[in-house]
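Asker: Handing you a structure now.
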Amino acid sequence: MKWICLFLVLLLIGGVSADRLPSGMPESQIFSIGTTLSATGITDQSTKMDWTVASGTPIENNILNSSDLISLVRYSDSLMGNGGNVIEVKNFEFDSNSLGRSAYNIDSEKILTYKSHDGSHLLGAESLMMNNMGNWSSGSPSIRCVFSDQNEIQLPAFCNIVQAKSDLININQAKISTKGEIRSAGGFSTPAALNYRIAVTADKNVPAQGTVRTEFARSIMEARDTNLSDDTWNRTAATNSWRDRTEASGEIRNLQKRFGYVSGMRA
């Protein structure tokens with residue numbers, strides 16, 4: 001069997017744009033889900049979360065007014081096997097509070113080992129998505145946009161989307177670990193963040209077998225601050241989009257991918 005040996009594929013991507021996060025709600029929502037699994041046979045499990053938090057206009061409104069902010073987050077993870085031995089430890093934690101630079105609203109971590117029996121295989125997918133948007137605002141004296149021109153609009157409009165995902169296809173044997181983090185509630189001084197990493201390695205010197213895909217993508221749309229009498233104040237002034245894809249198929253000895261995204265206003 002043809003094999004592919006990837007000693008190291010390491011990607012660290014970071015960006016700073018102009019996300020402004022809405023603050024968390026007064027009511028605190030915190031929960032965690034822990035999973036420990038060791039089984040031989042059919043496996044089917046999934047975790048999914050959609051979270052929207054807004055400040056200003058209610059979520060149901062389609063138009064954002066001045067100073068309105070909204071953040072949409074989606075997390076999903078699934079695992080399905082038609083046999084074989086599965087050993088998994090997984091933790092998922094959610095905190096709806098406004099958080100600082102070192103904390104995350106969503107924090108998920110997983111360690112998985114799989115070995116096929118009698119031709120069985122494993123399928124899996126994990127995805128993190130964050131979409132932050134906001135209309136212009138007069139801002140605050142202590143926070144100004146890096147390209148501010150001292151006119152009426154200090155904090156310009158923006159619409160930024162970032163995503164990280166991985167897919168496991170027809171896995172016959174593998175040792176896999178993943179970690180995902182999202183921060184989307186915090187306020188003006190706290191940057192948005194999305195981090196993800198995945199490692200696929202040999203188990204007891206036996207290479208992983210199957211197909212692993214990863215995809216990281218970002219789309220950025222930014223306006224500039226300007227005088228309200230100028231009809232360009234709500235026009236897109238900068239765009240930035242990119243996509244990174246990796247696929248390894250066959251015998252995989254080492255595949256590691258890491259993605260880091262931070263976006264916030266400069267004081």
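Values in this text are rule-based calculations from the coordinates and carry no lab data. Bear in mind that the values here come from a model prediction, so they are computed numbers and not experimental data. Note that we place each Cβ from the backbone using ideal geometry, even for glycine, and neighbour counts take in every protein chain shown.
Asker: Sort 117-124, 253-260, 193-200 by packing, meaning the average of other beta carbons within 10 Å per residue, with the highest value first.
Answerer: Numbers: 117-124: 16.8, 253-260: 19.4, 193-200: 22.9.
Output ranking for 117-124, 253-260, 193-200: 193-200, 253-260, 117-124.
Asker: Sticking with the crude label model, points 7 Å out along Cα→Cβ, report the distance from Ala199 to Ser46 in nm, one decimal please.
Answerer: Calculated label separation equals 3.0 nm.
Asker: Compute the signed sum of charges (Lys and Arg +1, Asp and Glu -1) over the other residues within less than 12 Å, Cβ to Cβ, of Asn105.
Answerer: Cβ neighbours under 12 Å give a net charge of -3.
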